[in-house]
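Visitor: Right, I'll just put the structure down here and ask away after.
Values in this text are rule-based calculations from the coordinates and carry no lab data. The shown structure was predicted, so the numbers you read here are calculated from the model rather than taken from an experiment. Virtual Cβ from ideal backbone geometry, glycine too; neighbours counted across all protein chains shown.
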């Protein structure tokens, strides 16, 4: 008698069942990434802590996730994607529960690390599973659906988080993941394809993994602590030197080992390398303005935090809608039109943001942010498709891990750059305001803030154009292969 599991695997809709499973993990991890920041002020009060400590609730998650993505991808390629993806649900669910139950801020940070390890298992395998089960003609559509679900989860995260914090507690934002994680664990175990048994001895490049992790951690601490006042900020030169030295040592080790942590040969594929670099640049151009816009909305336009949060939702909402179509159309017409065109439109949207002023309307802000979301919706799914298509089947998970790692680095670079420019202009602002009073001080403050915003926007325009130019030199292989 045929078992339900065997029946699912032999169904002609099997690849869509796998996508549905991947979407559960994508929705859960994206929702968590956007829901936590809204609760940080409440967490400060609940745990009687200060901002410098509570910021590690977010930072520890981001650092752990980024560091583990390549390693989890490598393990999945070795041991199989089903057991590691299922384990990702388990770890994320356990971490979420104990985050909610944490009795102190230290325990909360520790369990956020566990939660991030689960997210790394999910994110490093999601694109690989899609590429594994979908025929080439439908991969762009499937990746577009995944991108749309992630963007939708990010757009509703702050809204759901605000409701949970206001009517329950800050712990509720973690507990909400538990039923979703339990359902995801069951579905993943029933649906995902069984891993192919690998013959021969399995070997993990521990030295390469350690060197890469040290280099990456050092670089991330330099980026995230540039404007902080702590030991990391005081020793940026030391951390940067450590990052460069360990990256160099990693390169030498990987060239000589038979089973490398990351196959350097992957980067000989033009579409793989260009797609990763342009993907990182796209997140730089997204997160730099997204970091600054709340300051503009609250300090210049005078909106309250709730209205400001709602006004930022056009970016992920537009991204979500457009991602569905761009992924599908890239299956028909190739990726270069959408990746180069998307980043060129990003440059246009950034220029439009630079024209905002102190009395811009809500509608004026909204259509500019929608344009930014549309441009990134055009770019992201086709770019992800081109990167994953360039990787060998045996390395799909590590390729997916690297792609998501570059996304995280782009996010950190964008925020770090915007934060650095804004904090420098802030000192000038305070000096000028000290020499004036009343309306004159307010006018000077607004003027200096707008100058700092424009500096970031115009720099991001050049970054977006660089990503567009890179996308133009991708190999034309999509249509021919299809």
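Visitor: What is the gain in length, in nm to one decimal, between residue 101 and residue 348 on full extension, counting 0.36 nm per residue of separation less the C-alpha to C-alpha distance?
Guide: 84.3 nm
Visitor: While we're on this one: Counting other beta carbons within 10 Å of each Cβ, put 303, 369 in order, fewest first.
Guide: 303, 369
Visitor: So if each residue of separation counts as 0.36 nm, and I subtract the Cα-Cα distance between residue 299 and residue 420, what length gain in nm does that give?
Guide: 41.8 nm
Visitor: Further question on the same structure: Provide 458, 134 in ascending order of the number of other Cβ atoms located within 10 Å of each residue's Cβ, fewest first.
Guide: The most exposed by this proxy come first: 458, 134.
Visitor: In whole angstrom, note down how far apart the Cα centers of the stretch 116-162 and the stretch 335-360 are.
Guide: So the separation of the two Cα centres works out to 24 Å.
Visitor: Mind running the shape call on the stretch 276-327? Use the C-alpha gyration tensor, a ≥ b ≥ c as the square roots of the eigenvalues: rounded below 1.5 for a/c, prolate if a/b tops b/c, oblate otherwise.
Guide: In terms of gyration-tensor shape, oblate.
Visitor: Suppose the chain between residue 362 and residue 40 were pulled fully straight at 0.36 nm per residue; how much longer would it get relative to their current alpha carbon spacing?
Guide: Contour length minus Cα-Cα distance gives 113.3 nm.
Visitor: Would you mind ranking 421, 262 so that the residue whose beta carbon has the fewest other beta carbons within 10 Å leads the list?
Guide: 421, 262
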